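All remarks here apply to the structure that follows.
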Amino acid sequence: MRLRNIPWAREAVAADSRCFDSPDNTKGCWHRIFGRKAPLITEVGMGKGRFIVEMALKHPEIDFVGIERYESVMVKALSKLDRRAAEGEPVPENLRFLRMDAADMPDFFEKDEIDRIYLNFSDPWPKIRHAKRRLVSGRFLSVFERVLKKEGTIEFKTDNRELFDFGLSEIGPAGWELLYSTYDLHSDTEAMKDNVMTEYEEKFSKKGNRICKFIIRKK
Ligand SMILES: C[S@@+](CC[C@H](N)C(=O)[O-])C[C@H]1O[C@@H](n2cnc3c(N)ncnc32)[C@H](O)[C@@H]1O
């Protein structure tokens, strides 16, 4: 995602009660933050938040945390919610935001705290020397393993075939099993019944790119 720095973004995120950026009041505290015991789902690299906002509205029985590295991107998700409220549209109460790098997730979540992680159109990091930065690398899969429930799943979507195949090649050696895989999600009628489009998914599928998806669970 091309990033335009927004000078006031840091302050806006720090002042917003929907946002968190410190492990002190988050790790092991998510049930308290949401005020109930419900399944917890995260999207890592949520961008402008279209997917997670729609998921939270669609599933009021689940709590959602949108994770994003950059404040300048996160404020777009916050503005989206503010706009909805101003226009009298429903705003999800079961959604919070974490400004952090995904590598730090074990500082922000207790072991077994998360039920599912969505990775949508993660940055491809095409250079070999940057492979460890890919969110579907063995390095990140072991980070996610430390916060996911034993039966927890990771759902990954991308239009980038190289990144998808790289992810597929990482899951076996990292000790994960493949529950579902397709190179053309949008032609899978059954899978599409529950599909919520992301910003990137809409953009790239309109261009004619096929969307790949896999779902994995720890063995
Ligand atoms: C290509 S965008 C996709 C946005 C959205 N998920 C979608 O599908 O429309 C990837 C987003 O992931 C964020 N991101 C990349 N690596 C990250 C990391 N290690 N931790 C947190 N966020 C990350 C980027 O800042 C960017 O906003």
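The values are calculated or read from the model by the stated rules, or taken from the named source; none is laboratory data. None of the values given here were measured: they were computed from a predicted structure. Quick reminder, even Gly has a Cβ in these numbers, built from the backbone with ideal geometry, and neighbours come from all protein chains shown. In case anyone asks, the SASA skips ligands and DNA or RNA and just uses the protein heavy atoms, side chains included. Shrake-Rupley method; radii C 1.70, N 1.55, O 1.52, S 1.80 Å.
Some observations on this one:
- Within the listed set Ile114, Ile128, Ile171, the residue fluctuating most in the Gaussian network model of the chain (springs between alpha-carbon atoms under 10 angstrom) is Ile128.
- Lys, Arg +1 and Asp, Glu -1 on Cβ, resulting dipole of the stretch 86-142 about Cα centre, debye, nearest 20: 700
- Residue-wise HN-Hα coupling along the stretch 58-70, computed from phi with Karplus coefficients 6.51, -1.76, 1.60 (Hz; x: Gly, Pro): 6, 10, x, 7, 10, 9, 10, 10, x, 9, 8, 6, 10
- At full extension, Lys219 and Ser79 could sit 46.4 nm farther apart than now, given 0.36 nm per residue minus the alpha carbon distance.
- Solvent-accessible area per residue, Å², over the chain with all protein chains present [probe radius 1.4 Å]: 52
- His130 versus Asp104: modelled label distance in nm, points set 7 Å from Cα along the beta carbon direction: 2.1
- Given charges at beta-carbon only (K, R positive; D, E negative), |dipole| of the chain in Debye: 520
- Spacing of the two label points (7 Å from each Cα toward its C-beta) at Lys193 and Ser17, in nm: 4.0
- Listed residues Phe97, Phe166, Phe121, most fluctuating in the chain (Gaussian network, C-alpha, under 10 Å): Phe166
- Filter on Lys127/Lys157; Lys37/Lys213; Lys27/Lys213; Lys48/Lys80 - keep pairs with C-alpha separation over 18 Å: Lys127/Lys157; Lys37/Lys213; Lys27/Lys213
- Within a Gaussian network of the chain (alpha carbon springs, distance under 10 Å), most fluctuating of Ile41, Ile117, Ile62: Ile62
- Carbon plus sulfur fraction of accessible area for the stretch 34-218, probe 1.4 Å, in percent: 49
- Each Lys and Arg contributes +1 and each Asp and Glu -1, all at the Cβ; summed about the Cα centre of the stretch 60-107, the dipole is approximately 240 debye.
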